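*Asks:* Please find one structure pasted underneath; my questions will follow.
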Amino acid sequence: MNGERKKLVVLALALVVIVVAVVVMLGRGGGGGGKTQTVASAGGQDQSHDWSVLDSDPEYLETVAEIAKTRAEHTYTADPERDPMAALVLESDARASRPEREEAPAPVVLPPMTLGGIIWDDETPIAMIDGQDVRPGDTVKGARVKSIGHESVELVYKGERFVLRLR
């Protein structure tokens, strides 16, 4: 008896859905086949609009034609041979479309450093830069110590040569 009861409940729900659908369709003007639509205005009064008037309006038709033309120009065409992981725009195409600006590269500036002193030795000279003992080949603040002289230290930073001198 429990199974029959479930069937009756489902049948009753289906019947309610059908009745509601019919009532809604009848409320829209007899089946919704026309282009007339009833819309509640801000004042609470129903207003009826006949949208078929737009079909004869030249401005409306021109706008629709422009939209259709734009859509036709920008339709997607699937290419079964295209690799889905490949870029849509190649880098060379992207560079070609961008205007090239001849900008001078920013000058390389050595980070602020102070040469505190040099301990000279023919074999392994030592320089004191910002309180750190460095030898040729060492790196300080991203700059490589190229050589240490009697009164100066030559550094290479981002491919550029800089010289720190004792004061």
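*Asks:* In what sequence do Y60, Y157 fall when counting other Cβ within 10 Å, fewest first?
*Replies:* Least crowded to most crowded, the residues run Y60, Y157.
*Asks:* Still on this model: Taking θ = phi - 60°, what integer Hz values does the Karplus form 6.51 cos²θ - 1.76 cosθ + 1.60 yield along the stretch 153-167, in sequence order, with x for Gly and Pro?
*Replies:* Once θ is set to phi - 60°, the couplings for the stretch 153-167 become 10, 9, 10, 10, 10, 6, x, 9, 9, 9, 10, 9, 10, 6, 9 Hz.
*Asks:* In what order do K146, K7 fall by count of nearby beta-carbon atoms within 10 Å, going from fewest to most?
*Replies:* K7, K146
*Asks:* At a 10 Å Cβ-Cβ cut-off, how would you order I118, I18, fewest neighbours first?
*Replies:* I18, I118
Where a number appears in this text, it was derived from the coordinates with a stated rule and is not lab data. Predicted model only: the values in this text are computed from it and were never measured. Neighbour counts run over all protein chains shown; Cβ positions are idealised from the backbone, glycine included.
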